[in-house]
Amino acid sequence: MSQTTAAERGARRRTAAAPDADGTFSHRQIVTILVGLMVAMFLAALDQTVVSTAIRTIADDLQGYDLQAWATTAFLITSTIATPLYGKLSDIYGPRPFYLFAISIFVVGSVLCGMADSMYQLAAFRAVQGIGAGGLMSLAFVIIGNIVPPRERSRYQGYFMAVFGSSSVLGPVIGGFFAGQGSLVGVEGWRWIFFINVPLGAVAFVTIWRVLHLPHERREHRIDWPGALALITFLVPLLVIAEQGRTWGWTSGRALACYAIGAVGFALFVLAERAYRDDALLPLRLFRNRTFTVSGVGSVVMGAGMFGGLLLLPQYLQIVHGSSATVAGLQMTPLVLGIMSGGIISGTTISRTGKYKVFPLVGVALMVVALLSLSFVVQADTSVWKMVPFMVMLGLGLGFNFQPVILAVQNAVSPREIGVATSSVTFFRQMGGTIGTAAFLSILFTRLPTEVGGRIGEVAGANPEAAAQAQQLQQGGMDGLLADTTRIAEFPLLVAPFREGFTATIDLVFLIAAGVVAIGFFVFLFLPQLALSDKSGIQAQQDEATAAAGERNDVDDAGQQAMQGAGAAAPTSTPPPAGRPGDDPAR
């Protein structure tokens, strides 16, 4: 009896969470689902900022400071590769099982990271985490695309920007807090950075399990394993060289090997996608859709410029202003508020007017103005308050770009391809961010020795005591100073010229980032302005299925009528008259 009651309760819960017969979800259902999605997205977004804040403490505790970059690289590789896989599989089987899988594997990876005893183990377990993180972000937008019509979608997606923004502020604060604790409940403080994901993940899993019940029609398909393997062959070497190239040298033997393997992987990937056609991991015919192509190229450019700004501002605040990672995170609050405001403003306006093209263009313009202004305004002694308007402007530009681009793609493709299209745009943005981060860091560390060395030389030439300190600094090597910038505090007379040289380099990179982002304006000029559908992905799929069934019925009815008509028009078969005696049978 109890089992029957439990089964009945489960059936009632699924019925209450399911859409109406026409595929419509109520506002309450959407908000309930949104809560679970936001918790899961918060997990992934928070984890990146928390770990980046505490990674030095973690590396010191695990005695692997020189290996810390691999913990980031491993996470980046698996999350980037997993993103398009989740999108394609969600189109075939539905997003619910893969979102639950993503949450589960992320939590498992978090527990393993919290138990790591070496940097090698941490890197391996971060790779496990990345497999889950690749689905937490992209599938959230896929699910919203399935349950909310495009005309209303951006209003709900604005909440995701709030999650992204709040994690950017809270991440450094939480990371700094746990990293600063010797131990909590008998466990090293930094391990709680990973263990805290367990209760958050449990809340997200239970919420999604209970409230997310999407109708889905499974389709016949082939699994594009060759395409997946070729994508791995293409991406892994490129992501490795993007993260390690500055250390190895961009023209070193290992770098050249990565370039060659990546090129071969790309060629194999294109061949596999052509062979698998509609079953491909990334169907090449999607690039014939102008909205998809423009959004993909624009996302690469915007990803590069976005990470350029988000990466350089904390560097400036920590090294030039001497802020801790926690304080720098709080000082970035104006940028985060700009992102959240941009997402909300664009979402409500698009829902009211149905026009989305203007926001990427205005967003790019705001980002270019903000980055250009920062490149001229930022000096070694610039007040943080003086930077606030430009951080807000940069945030608004980012907020105006995130959701409208995804919305445009989801609105332009077939409802059966929302998953692969959405994850592809996310994938392109991640690749742009990876390339941009590698390029801007390379420029930063290539230019720094010249700028810093020149200003230290000027001071040393005018001050004998400063010259003595400069000589001591040179004995340790400029590379050693760039690896640990806190060493400059040992040479008080060189602190000011070091900060001036660092600021000059940051200004140069801001200027280059502005030029990169400006390319996005010309790309988004070609973004079509299509009418936004008033049907969700599920409703559109049901309409397609109904129309297809109607066409089949019409064909069947026409065939039956044709057969009946042919039968009526045919002459009645009667036996020939009997021949009379003497008649010629040939006549």
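Pairs linking a residue in the stretch 312-324 that is crowded, with 19+ Cβ neighbours inside 10 Å to a residue that is of a type in the set (Phe, Trp, Tyr), with Cβ atoms under 8 Å and 6 or more positions apart or on different chains, are Leu312/Phe440; Leu312/Phe510; Tyr316/Phe502; Val320/Phe502. Of all residues in the stretch 150-205, those satisfying the criterion of being at pLDDT 75 or above, β-branched (Val, Ile, Thr), over 30 Å from Leu530 (Cα atoms) and in a helix (DSSP H, G or I) are Val173, Ile174, Ile193, Val198, Val203. The set of residues from the stretch 325-350 being closer than 22 Å to Phe177 by Cα, surrounded by fewer than 19 Cβ atoms within 10 Å (Cβ to Cβ) and among the aliphatic types (A, V, I, L, M) comprises Val327, Leu330.
Matching residues to (1) at pLDDT 80 or above; (2) surrounded by 23 or more Cβ atoms within 10 Å (Cβ to Cβ):
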| site | (1), (2) |
| --- | --- |
| Met38 | yes, no |
| Asp47 | no, yes |
| Asp66 | no, no |
| Thr80 | yes, yes |
| Pro84 | yes, yes |
| Lys88 | yes, yes |
| Ile92 | yes, no |
| Pro95 | yes, yes |
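Checked against (1) in contact with a Pro (Cβ under 8 Å, 6 or more places away or on another chain); (2) loosely packed, with under 15 Cβ neighbours inside 10 Å; (3) not hydroxyl-bearing (Ser, Thr, Tyr), Leu229 passes all but a single condition, namely (1). Determine, yes or no, whether Thr293 is assigned by TED's automatic domain parsing to the domain that holds Val336 and without any contact (Cβ under 8 Å) to a residue 60 or more places away in the chain. The answer is yes for Thr293. Please verify whether the stretch 453-465 includes one or more residues that are modelled with pLDDT of 85 or more, farther than 30 Å from Val297 by Cα and in a helix (DSSP H, G or I). The answer is no, given that none of the residues of the stretch 453-465 is modelled with pLDDT of 85 or more, farther than 30 Å from Val297 by Cα and in a helix (DSSP H, G or I). Being among the small types (Gly, Ala, Ser), buried (at least 20 other Cβ atoms within 10 Å of the Cβ) and touching a Gly at 6+ places or on another chain (Cβ under 8 Å) is a property that Ser442 lacks. Residue pairs whose Cβ atoms lie under 7 Å apart, separated by 6 or more positions or on different chains, with the first residue in the stretch 433-460 and closer than 20 Å to Trp248 by Cα and the second among the hydroxyl-bearing types (Ser, Thr, Tyr) and assigned to a helix (DSSP H, G or I), are Leu444/Thr505; Arg447/Thr505; Leu448/Thr505. Filter the stretch 363-375 for residues that are within 22 Å of Thr349 (Cα to Cα) and crowded, with 19+ Cβ neighbours inside 10 Å and give the result. Selection gives Gly363, Val364, Leu366, Met367.
Taking the listed residues Val378, Val413, Val392, the one that is within 17 Å of Met161 (Cβ to Cβ), of a type in the set (Val, Ile, Thr) and crowded, with 19+ Cβ neighbours inside 10 Å is Val392, with no other qualifying. The residues in the stretch 312-334 that are within 15 Å of Phe164 (Cα to Cα) and either modelled with pLDDT under 85 or basic (Lys, Arg) (or both) can be counted, and the count is 4.
Which of the residues spanning the stretch 180-203 are within 30 Å of Leu398 (Cα to Cα) and touching a helix residue (DSSP H, G or I) at 6+ places or on another chain (Cβ under 7 Å)? Matches in the stretch 180-203: Ile193, Phe194, Asn197, Leu200, Gly201, Val203.
Residue pairs whose Cβ atoms lie under 6 Å apart, separated by 6 or more positions or on different chains, with the first residue in the stretch 337-350 and over 10 Å from Phe402 (Cβ atoms) and the second in a helix (DSSP H, G or I) and at pLDDT 85 or above, are Gly338/Val392; Gly338/Gly395; Gly338/Leu396.
The values are calculated or read from the model by the stated rules, or taken from the named source; none is laboratory data. Here the structure is a predicted model, which is why all the values come from computation and not from measurement. Neighbour counts run over all protein chains shown; Cβ positions are idealised from the backbone, glycine included.
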